[in-house]
1. Tally the DSSP beta bridges in the chain and give the antiparallel ones as a percent, rounded to 5.
2. By counting other Cβ atoms within 10 Å of each Cβ, how are Ile22, Ile123 ranked from fewest to most?
3. Check Val190: other-chain or 5+ apart residues with amide H under 5 Å from its amide H, H built from backbone geometry?
4. Averaged over every viewing direction, what's the projected area of the C-alpha convex hull for region 230-322? Give it in nm², one decimal, please.
5. How big is D, in µm² s⁻¹, for region 290-388 by Stokes-Einstein at 4 °C and 1.567 mPa s if Rh is the Kirkwood radius over C-alpha pairs?
6. Please list 3J(HN,Hα) in residue order for region 54-66, calculated via the Karplus relation 6.51 cos²θ - 1.76 cosθ + 1.60 where θ = phi - 60°; whole Hz, with x for glycine and proline.
7. Identify the GluC sites (Glu not before Pro) of region 61-121 meeting these criteria: DSSP loop state and at most 15 other C-beta atoms within 10 Å of the C-beta.
8. List, in the order given, every pair from Lys40/Lys254; Lys290/Lys313; Lys42/Lys254; Lys40/Lys230; Lys41/Lys230; Lys230/Lys297 whose Cα-Cα distance in the structure shown is over 23 Å.
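Every number in this text was worked out from the coordinates using simple rules, so none of it is lab data. Computed from a predicted structure; not experimentally measured. Ideal geometry is used to build each Cβ from the backbone, glycine not excepted, and the neighbour counts take in all protein chains shown.
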Amino acid sequence: MFCYYLISQQGVIVLSQAVNRILVDDVLERLHRDDCSALKKKHLLYSPSHGTKEMREACATFLTRQHFPMEAVHPDHLIIMPGVTACMESLARSLCNPGDVVLSPSPIYHRIKTNFEDAGARIVHMVTTQDNNFELTPEQVEASIVEVQSEGECVRACVLANPQNPLGQVMTPSFLRAILEICARYEVHVVVDEIFAFSVFANDATFTSLLALEDLPDPHRTHMFWGFSKDFCIAGLRIGLIHTVNPQLLTKLKLRSHYHSTSQQTQHAIATMISDTVWCDNFLDSSRKKLAEAYAKACDMMEELQIQVLEAKGAFFLWANLQPFLTEPTVEAEFELCRALLFAGVSIIPGTKFHCSEPGWFRILFSVPEEELQEGLRRLGVVIGNRR
């Protein structure tokens, strides 16, 4: 159903694929410069599969500059892989035994369930609902751990996304610390996907990375993902990272990196780009500003269509309530509306794909050129207008 290659040839406006297309030209211009694109002999030879020294040092310096941790990020605590999906899959297989339970909220990015279940774990969703704006609470996390453990099962990890995909929520430091303290008491690993870390656009929100928290309750059970696909608009170059200080886990991840290595040419180009501190600071500031503008315009359009939208503070999405336009409150009706929208020329993703328990919520991308956003939402308006 969700065929991303339909973008232009068949006239479908794609508001479903999680990419920032607003500043792609800026990144392309930087990568075209000689310092990024020049190949050297060493780039043609083998290198450490878990990331070149140049790349890991550049990432460590970049993350230290951006997140202000108490101690500088160490390159030896980073594993470089071709995208956060590869990072998540590798960590899942390194961390979990068959039958382990992994907790994650819902709605949530669907690859979390896929990757951990492929590794033999069982995902237990901590369900959030529209009644409380889909907010997860520390009490809910602890209750889920206690319930699973009371049945004699091992809760291996709690996996979160910050900023949240698809909701756009940004976790506060106090919330993160509460989750870390709860999980530490029960010896549960905490894994946070921070792939939208530098795409927090709300003036009243500040992103706090796991790396910035002082005195972690259980450092060896605290792990973070980040990548370049979203914040730097380069999903096609496939590069992400895992940060962990757990020596056993680092050893396992290095072994798995033999199957998930990234080309030296890509690593050199990106390491050079993020080492240009002036360019990076200007780019990230511009990105946040343009995302805020695009979000405001998208919300205005949705208000004109009389569609409820959950307030977002980061990432690229509107979490929109299209329940009034379902023929009935079922998953089947949700997919029927999704098909109707696709046939009308606009692609968005139904909430069921994010394990939402309440049919009728959809994720709509706003980080596209303004004319595409306007046309895509116009087409959506035509479909729902016939259902009022």
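1. Working: 19 of 39 bridges.
DSSP beta bridges in the chain are roughly 50 percent antiparallel.
2. On the way: Ile22 21, Ile123 18.
Placing the least packed residue first, the sequence is Ile123, Ile22.
3. The list, which skips near neighbours in sequence, is Cys158, Thr222, His223.
4. Working: hull surface 36.3 nm².
With every direction weighted equally, the projected area is 9.1 nm².
5. On the way: Rh = 13.5 Å.
Answer from the Stokes-Einstein relation: 96 µm²/s.
6. Running phi through 6.51 cos²θ - 1.76 cosθ + 1.60 with θ = phi - 60° gives 4, 5, 5, 5, 5, 5, 4, 5, 4, 5, 5, 5, 7 Hz.
7. Details: sites: Glu71, Glu89, Glu117; in loops: Glu71.
In loop regions of region 61-121 (DSSP not H, G, I, E or B), the sparsely surrounded GluC sites (Glu not before Pro) are Glu71.
8. Working: Lys40/Lys254 25 Å; Lys290/Lys313 13 Å; Lys42/Lys254 21 Å; Lys40/Lys230 28 Å; Lys41/Lys230 30 Å; Lys230/Lys297 20 Å.
Exceeds cut-off: Lys40/Lys254; Lys40/Lys230; Lys41/Lys230.
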